[in-house]
Amino acid sequence: MSTSIITANGKVSAIAAEPNAQVLAPPIWVDGHPTLQQITDDIARPLEARPGKGWWICFTIAFAALLNLGGMVGYLFAKGIGIWGLNNSVGWAFDITNFVFWVGIGHAGTLISAILLLFRQQWRTSINRSAEAMTIFAVMCAGMFPAIHMGRPWDAFFIFPYFPNQRGPLWVNFRSPLVWDVFAISTYLTISLVFWYLGMIPDLATLRDRAAGGIKKFIFRLLSLGWNGSHRTWSRYEIVSLVLAGLATPLVLSVHSIVSMDFATSVLPGWHTTIFPPYFVAGAIYSGFGMVLTLLIITRSTMNLQRYITLRHLDKMAKVTMLTGMIVSYAYLTEFFSAWYGGNLYERYHFINRATGPYAWCFYLMVLCNVVTPQLLWIKKARTSVVFLFVVSIMVNVGMWFERFVIIVVSLHRAFLPSGWGMFYPTVFDVGILVGSFGLFFTCFLLFIRLLPMIAMWEIKGVVGHGAHKMALSSEDQEEVAVDA
């Protein structure tokens, strides 16, 4: 039942006839009712205040790991990749495992920035800036591993098809997925970097206006590109943002699909499967959201940003993590079913070896972290518990690293003939470079939250203003219902 009334502006509207009718309030993504000036002060405070003791401790640990990475890579260039635990059976191990892991970490940033922007999801506004920065730093870590795995990294430029007359008839093999990786990841890095920088321009202009003078004001004036905040500027800015989001969205699906082709185009048991592209994309988003949860749970507490990164944001991210984790679990079941139903003796043995062979502990750790752990997120209390979500996010990233290890090493250490079987044992250099890559990642992220705004001020202000406007409209609708009753 409904009735029509004439509102104050002369329009006819249909409303519920029941006297107890309620209008749902819009979701509120910022706790409290901060003013626009207060939003600017809260987000700019970490940039203008001196770093605290906690930041210095984290930065010291991360920078020490980064120095360790420099030493390990320098020694690797001097001695060659023989210092790793590779052998004739396992030619890919920690290096490619780390590469696929870091590419996957970078996927959540583009998903949050581009896809959620196109779907007008307002909960992305508090987390998109940090996720975009995480994408860039993760791709930097990923790009390092193919270069140091080449053996002759000074010849890495040969992978890029520049001027052919400088090398004669020698060209890269465009049929190789390894070449596709170069184009996909470099394109992904370029779009992500442009999208990240473009999103910061209004905030850089705000910091420019707040700076008292000196070198800081000069840098912010240079980076803000003459932003004046006019209606025309905002209109063109939003159009460019949507265009870049439309360009970045296919990259979320294509980049990790192309990475999966490194394996799926071979004939090796465990790799030769068509489920790899969607399976890798879901796993990338799964691990990416796990890293976003890890970073934001730490920074919201240490930077006192609980008002802007609320439990509702963590709940939304936990739901996406649960969804992608279930997709990954389904992919595991599909792989085992295909191996059993396909009747291929080598394929069937490979998956039996995963569960019962010498690397079975890696497989069961992967299942625990990627299959069992996401099921706990069905409980709302678990999704809104900060400590529990932090533990889950760590387990997600551990599980996804071991998933790549299982796919790569366990598939390689048992060849078609027993004479080609062998075991891989990581050396101190394998582990050191893995730890060093985390040092590079966290050093870049810690510098980012000290030098640039980690939350988009202008988007938070838009969400606060939009919510207040909808609340005002909702109160008017409730008054109309009461008058009709």
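For the reader, a short list of remarks on this structure follows.
- For the chain, the solvent-accessible area with a 1.4 angstrom probe is 48 square angstrom per residue.
- Rounded to the nearest 500, the 222 nm mean residue ellipticity of the chain from helices alone is -22000 deg cm²/dmol, with -39,500 (n - 2.57) taken per DSSP H run of at least 4 residues.
- Kirkwood analysis of region 102-144, using all unique Cα-Cα pairs, places the hydrodynamic radius at 10.3 Å.
- Remark on region 288-377: ratio of C-alpha radius of gyration to 2.2 N^0.38 Å is 1.48.
- Pairs of lysine residues in the chain - Cα separation under 18 Å, sequence separation of 8 or more or cross-chain: 5
- Surrounding net charge for Ser224, when Lys and Arg each add one and Asp and Glu each subtract one, Cβ distance under 11 Å: +1
- Whether region 327-451 is rounded, prolate or oblate, judged on the alpha carbon gyration tensor where a/c under 1.5 counts as rounded: oblate
- Rounded percent of accessible protein surface that carbon and sulfur make up, the chain, 1.4 Å probe: 69
- Region 111-258: radius of gyration and largest Cα-Cα distance (Dmax), Å: 19.2, 58
- Diffusion coefficient, µm² s⁻¹, Stokes-Einstein with Kirkwood Rh over alpha-carbon pairs of the chain at 20 °C and 1.002 mPa s: 86
- One quarter of the surface of the convex hull around the alpha-carbon atoms of region 44-192 equals 13.5 nm², the direction-averaged projected area.
- Unit Cα scatterers, Debye sum, region 231-383: log10 I(q)/I(0) for q = 0.09, 0.12, 0.15 Å⁻¹: -0.43, -0.70, -0.96
- For the pair Phe337 and Gln122, a Förster radius of 60 Å applied to the C-beta separation gives a FRET efficiency near 0.90, rounded to the nearest 0.05.
- For region 347-387, the direction-averaged projected area of the alpha-carbon convex hull comes to 3.8 nm².
The values are calculated or read from the model by the stated rules, or taken from the named source; none is laboratory data. These numbers were taken from a predicted model, which means no experiment stands behind them. A quick note on method: Cβ atoms are made from the backbone with ideal geometry, for glycine too, and the neighbour counts reach across all protein chains shown. Please note that ligands, DNA and RNA were not included when accessible areas were found on the heavy atoms of the full protein model with its side chains. Shrake-Rupley method; radii C 1.70, N 1.55, O 1.52, S 1.80 Å.
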